[in-house]
Structures are given as structure tokens and as C-alpha cells.
Amino acid sequence: MTAAATIPGKHALVTGGGSGVGRAIALALAAAGIGVTICGRREAELAKVAGENDRISGIAADVTDEAAMAALYERAQAARGAFDIVVANAGMAGSAPAHKTALSDWQRTLDVNLTGAFLTVKPALSGMAARKTGRIVFIASTAGLKGYAYVASYVAAKHGVIGLMRALAAETVKSGVTVNAVCPGFVETEMLEESIQRIIEKTGRSVEQARSSLASTNPQGRFIQPDEVAAAVLWLCGDAAQSITGQAISISGGETW
Ligand SMILES: NC(=O)c1ccc[n+]([C@@H]2O[C@H](COP(=O)([O-])OP(=O)(O)OC[C@H]3O[C@@H](n4cnc5c(N)ncnc54)[C@H](OP(=O)(O)O)[C@@H]3O)[C@@H](O)[C@H]2O)c1
């Protein structure tokens with residue numbers, strides 16, 4: 001039996017659904033029969049993904065803006081029903097040695113990756129608890145499980161996301177809601193391309209050298225594909241994962257465990 005047969009008729013929110021991992025998650029959920037609302041700041045990217053499956057619709061919103069997220073919830077839920085599934089995926093990463101990290105860059109990284117994740121799920125919590133069902137999935141990172149050099153703010157933010165996930169799992173455990181995180185290693189998306197460009201600019205390495213140095217952090221020696229992350233999210237959203245809550249699932253070719 002396919003997952004598509006198990007979870008039709010639901011409504012999901014996927015932040016950062018206009019590109020990369022979020023796009024793959026939106027397409028996987030839609031293919032499983034779920035209505036998906038995606039958000040991000042770039043309307044054109046949202047429209048492109050919405051054009052790929054008519055179960056997907058886009059609403060532009062910045063996850064760091066509480067009022068914008070409240071407005072998104074109001075509009076999306078009025079149109080298509082309460083969110084059964086919320087995937088907090090939007091994120092960004094810069095890099096600098098910790099002692100050269102400007103407070104503004106530190107703050108922005110925490111705002112988008114951690115506070116944005118909180119503001120993404122907060123409006124869903126009371127409704128899910130009242131309905132005694134719901135799925136919350138955070139797209140964290142192996143950077144939520146271990147340290148990496150030159151990305152202190154990102155590592156701190158993603159560790160924060162794992163803490164938030166654990167707290168919410170404890171808070172919702174009696175209510176039929178599950179709360180989990182998936183923790184990918186390097187995934188082949190725009191974000192990875194930006195990291196490769198930064199390495200080239202800062203070290204003078206070639207594209208091939210930069211790519212192979214990042215791929216070598218994965219013991220399998222490869223980049224994760226967005227569809228692999230989406231498959232784990234789809235499983236967490238299905239009936240078969242009812243007993244899985246409070247987990248940080250590493251999708252990293254064995255880089256962390
Ligand atoms: N790629 C990797 O190697 C990797 C590894 C581990 C974890 N992750 C995590 O996976 C998630 C998705 O990243 P990705 O690799 O798919 O990168 P990506 O293609 O750059 O996607 C990031 C998405 O987040 C959205 N976003 C960023 N800031 C936002 C904001 N303030 N409000 C609303 N949306 C915002 C972006 O849309 P707009 O620009 O239109 O707002 C974009 O669609 C992130 O949480 C990232 O940390 C990625």
C-alpha cells in the first residue's frame with residue numbers, strides 16, 4: 001500500500017516550500033493526496049511550485065513576522081480547513097568564524113531558523129490538541145546534533161530547534177499530536193550551492209574541491225537529495241508513525257547517531 005492511500009484529505013503547511021527541501025516535501029505530501037499550503041517570501045517561487053501540483057497553493061509570508069504568520073493561518077485555514085500537518089522547514093545559513101560574527105548576523109540566523117520555526121508551529125498547537133490529532137515536523141540539521149566550525153549561529157539555532165521539538169513533544173504527548181525533527185547532512189539545494197560559492201570565494205578552491213570537501217562529511221561520500229528528506233517527512237505524517245514523537249532523525253549517511 002502506498003502512503004498516498006493512507007493520508008488523503010488532510011491540509012499541511014510547509015514553510016520554505018518554494019525551493020529545495022520544502023518544495024520536495026510539498027510535492028511528496030501533495031502526491032499523497034494532502035492539500036498543501038506553502039509559504040516563503042518570494043511569490044514567484046511559490047507560484048512555480050504551486051504550478052507543479054494543483055493540491056499546492058502558495059501564500060507569501062515571512063516566518064519571522066508573527067502577524068504575517070497569523071494572517072497566513074487565517075487565510076489558509078478559512079480556504080482549506082485546519083492544518084493537520086505543519087512542517088517548519090524555512091531556514092538560512094551564513095558562515096563566519098565565531099569571533100567575526102556580527103550580532104546582526106547572529107540574530108538574523110536565530111530569528112529565521114529558531115524563532116521562525118516557533119512562530120510557524122505556535123498557531124497550530126491549541127487546535128491540534130483540541131482535535132486530538134496532528135503532526136509537526138521540524139527540518140533541523142545534523143548541525144542540531146553536533147558542532148561544525150564557522151557556523152556557530154546556525155549550529156546554535158538548529159540545536160535550539162531540537163530543544164523546541166523535544167519541549168513540544170513533551171507538551172503534546174497526551175493529545176495524539178506527534179512532534180519530530182529530521183536532521184539532514186548536506187542536501188543538494190540552493191543553500192548547498194551558496195555554501196560551495198562561499199568556500200570558493202574564501203579559500204580559492206575549485207568547485208570540485210569544494211563539493212568533495214563538503215560531500216566527505218557524509219560517510220557515504222555523497223550529498224543527500226531533497227526527495228530523501230521528503231520521504232522521511234511523509235512517513236512521519238502517516239498513521240504508521242503514531243508512536244514516533246520527540247525524535248531527531250538523522251538523514252546523513254551515518255554522520256551522526
Ligand atoms: N541544504 C542543506 O545542506 C541542508 C542541510 C540540513 C538542513 N537543511 C535545512 O533544510 C531547510 C530547507 O533548506 P534548503 O536546503 O531547501 O534551502 P533553500 O533552497 O535555500 O530553501 C530555504 C527556503 O526557506 C525560505 N525562507 C528563508 N527565509 C525565510 C523567511 N524569513 N520566511 C519565510 N521563508 C523563508 C526560502 O524562501 P524565500 O527566500 O522565498 O523566503 C526558501 O524557500 C532549512 O531549514 C535548512 O536549514 C538544509
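Points worth noting:
- 1.4 Å probe accessible area per residue over the stretch 1-74, in Å²: 42
- Gain on full stretching of the segment that runs from Ala44 to Gln242 - 0.36 nm per residue minus C-alpha separation: 67.7 nm
- Each principal axis of the stretch 120-256 carries a Cα extent, and these read 55, 28, 22 Å when sorted largest first.
- In terms of distances greater than 25 angstrom between alpha carbons, the cross-link table entries Lys48/Lys158; Lys10/Lys122; Lys100/Lys122; Lys100/Lys158 yield Lys48/Lys158; Lys100/Lys122.
- For the chain, the Cβ-based charge dipole about the Cα centre amounts to some 440 debye (Lys, Arg positive; Asp, Glu negative; other atoms uncharged).
- Database remark: amide H of Ala90 closer than 5 angstrom to the amide H of Thr15, Gly16 (H placed geometrically; neighbours at sequence offset of 5 or more, or on other chains; Pro and chain starts carry no H).
- Distances between placed amide hydrogens fall under 5 Å for Ile249 paired with Ala181, Val182, Cys183, all partners being 5 or more residues away or on another chain.
- Relative contact order, whole percent, for the chain stands at 20, derived from Cα pairs under 8 Å and 6 or more residues apart.
- ³J(HN,Hα) computed for each position of the stretch 24-32 - Karplus, 6.51 cos²θ - 1.76 cosθ + 1.60, integer Hz, glycine/proline x: 4, 5, 4, 5, 5, 5, 5, 5, 8
- Of the trypsin sites (Lys or Arg not before Pro) in the stretch 204-257, those whose Cβ has at most 15 other Cβ within 10 Å and which sit in DSSP loop: Arg205, Arg222
- Converting phi to 3J(HN,Hα) with the Karplus coefficients 6.51, -1.76 and 1.60 and the offset θ = phi - 60°, the stretch 72-80 yields 4, 4, 4, 5, 5, 6, 5, 7, 9 Hz in sequence order, with x at every glycine or proline.
- Normalising the Debye intensity of the chain to I(0), with uniform scatterers on Cα atoms only, and taking log10 at q = 0.13, 0.16 Å⁻¹ returns -0.79, -1.20.
- Options Ile139, Gly116, Ser126, ranked by Cα towards positive dipole end of the chain, top entry (Cβ charges): Ser126
- Global form of the stretch 1-72, assessed from the alpha-carbon gyration tensor, a/c cut-off 1.5: prolate
The values are calculated or read from the model by the stated rules, or taken from the named source; none is laboratory data. Note that the coordinates shown come from a computational prediction; the quantities given were computed from them, not determined experimentally. As a convention, Cβ positions derive from the backbone with ideal geometry for all residues, glycine included, and neighbour counts pool all protein chains shown. Heavy atoms of the whole protein, side chains included, go into the accessibility calculation; ligands, DNA and RNA do not. Shrake-Rupley method; radii C 1.70, N 1.55, O 1.52, S 1.80 Å.
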